[in-house]
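These notes concern the structure reproduced below.
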Amino acid sequence: MVTTPNMPSPVAVLRACGWLTADAGPARVQDVSSSHSVHRAMRADGSEAIVKKCRADGRRGLSNELFVYRLASWSEALGKVLARPLLIDECTQLLVLEALPGAPAQRQRLAEPRFMRRIGETLATIHRATLDQPIPPSPAAGILEVADRPGDTGHDRPAQTRALMHRIARDPLLADALRAAKASYRNRCLIHGDLRPEHWMDLPDGTLRLIDWEMGGGGDPMLDLAAAMVEPALDGIRRGALRHDWLFTSSEALAELVAGYRAAGGPAPLDSIEGRTHAVHLGAARLLHIACEWADTGMLASAVEALVDAARGLLLRTDIASERIAA
């Protein structure tokens with residue numbers, strides 16, 4: 001459990017970091033908290049800022065996210081992909097960001113080839129800019145441990161999630177894929193670790209930014225790519241309409257994702273069968289990661305089962321998936 005000292009109010013924090021001055025007038029503050037305490041503030045001139053801190057009873061700290069924003073302040077390339085930090089305080093686990101204009105990307109945009117190409121280019125920029133730098137590991141790779149250590153991995157999670165993890169460990173197809181992914185996993189660069197449509201911000205100036213870096217850290221660049229690759233399957237499950245031929249119906253978008261990544265010099269090895277197989281294994285791992293998250297929240301068992309089935313279906317079509325990636 002993460003413990004933090006008594007924290008000042010969001011308004012006091014914004015005044016202390018110089019964003020909210022006496023001349024600016026009062027700010028309207030909205031509580032948008034989820035796993036952490038998050039407040040969005042708006043000044044009279046329309047400018048907005050985000051104040052993020054740990055809850056008093058929070059289980060997870062902000063250390064990884066704070067490190068990522070500190071890293072972005074040293075890297076011009078990385079700084080162009082993230083929101084601009086106004087305050088980074090590791091001691092009190094406090095982060096203040098300049099809010100990005102616009103809204104998160106709509107889920108259906110990840111079916112658009114042009115948008116997926118931009119995602120590939122952005123991921124390549126992040127991975128290339130941080131290649132071989134010493135970065136604390138992303139916790140996203142923890143799902144790979146479920147095959148051999150389901151009890152340790154899920155010891156503090158709800159009973160239904162622990163049961164799911166043990167079932168995954170007993171499934172030869174799923175467990176072998178997780179073991180193979182772990183054996184090939186390499187900490188090479190900064191990864192986001194939790195790519196979702198709502199974490200992509202498409203700004204009015206035409207740039208694409210990534211937000212919510214709580215799972216960010218050092219890791220295998222293929223994990224980010226794999227998360228983007230399986231998003232069409234995830235979207236179908238969210239809508240209750242997963243198509244078993246999603247690999248074919250999304251093939252153009254997948255091709256543009258990979259093409260954008262290659263064109264921007266991304267370091268993930270996509271030109272070998274081994275590399276593409278690794279991507280498929282990590283794609284299945286991503287689906288299982290989300291299944292465990294949904295089990296945590298008490299999501300309908302049918303939705304959780306759909307994710308597990310999607311992971312199994314992807315692995316049973318490894319050759320087809322590899323062809324889609326290589327196309």
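The values are calculated or read from the model by the stated rules, or taken from the named source; none is laboratory data. Remember, predicted model here, so these are calculated numbers, not experimental data. Heads up, the Cβs are rebuilt from the backbone with ideal geometry, glycines too, and the neighbour counts pull from every protein chain shown.
Pairs linking a residue in the range 304-320 that is in contact (Cβ under 8 Å) with a residue 24 or more places away in the chain and basic (Lys, Arg) to a residue that is surrounded by 15 or more Cβ atoms within 10 Å (Cβ to Cβ) and in a helix (DSSP H, G or I), with Cβ atoms under 7 Å and 6 or more positions apart or on different chains, are Arg312/Leu174; Arg317/Leu247. The number of residues in the range 191-216 being farther than 20 Å from Val280 by Cα, in contact with a Gly (Cβ under 8 Å, 6 or more places away or on another chain) and aliphatic (A, V, I, L, M) comes to 3.
Scanning the range 10-32 for residues that are more than 15 Å from Leu97 (Cβ to Cβ) and within 28 Å of the chain's Cα centre (by Cα) gives a single hit, Asp31. Kindly indicate the residue of the range 20-36 that is aliphatic (A, V, I, L, M) and at pLDDT below 80 and also nearest to Trp213 (Cα to Cα) among those meeting that condition. So the residue we want is Ala24. Going through (1) farther than 20 Å from Ala311 by Cβ; (2) in contact with a helix residue (DSSP H, G or I) (Cβ under 7 Å, 6 or more places away or on another chain); (3) modelled with pLDDT under 95 one by one, Glu198 falls short only on (2). I'm trying to understand the selection: among the residues of the range 31-56, which are surrounded by 12 or more Cβ atoms within 10 Å (Cβ to Cβ) and either among the aromatic types (Phe, Trp, Tyr) or in a strand (DSSP E or B) (or both)? Matches in the range 31-56: Ser37, Val38, His39, Arg40, Ala41, Met42, Glu48, Ala49, Ile50, Val51, Lys52, Lys53.
Taking the criterion of being assigned to a strand (DSSP E or B) and touching a helix residue (DSSP H, G or I) at 6+ places or on another chain (Cβ under 8 Å), the residues of the range 210-242 that qualify are Leu210, Gly217, Gly219.
Residue count for the range 135-193, restricted to those that are in a loop (DSSP other than H, G, I, E, B), touching a residue at least 40 places away in the same chain (Cβ under 8 Å) and surrounded by fewer than 21 Cβ atoms within 10 Å (Cβ to Cβ): 9.
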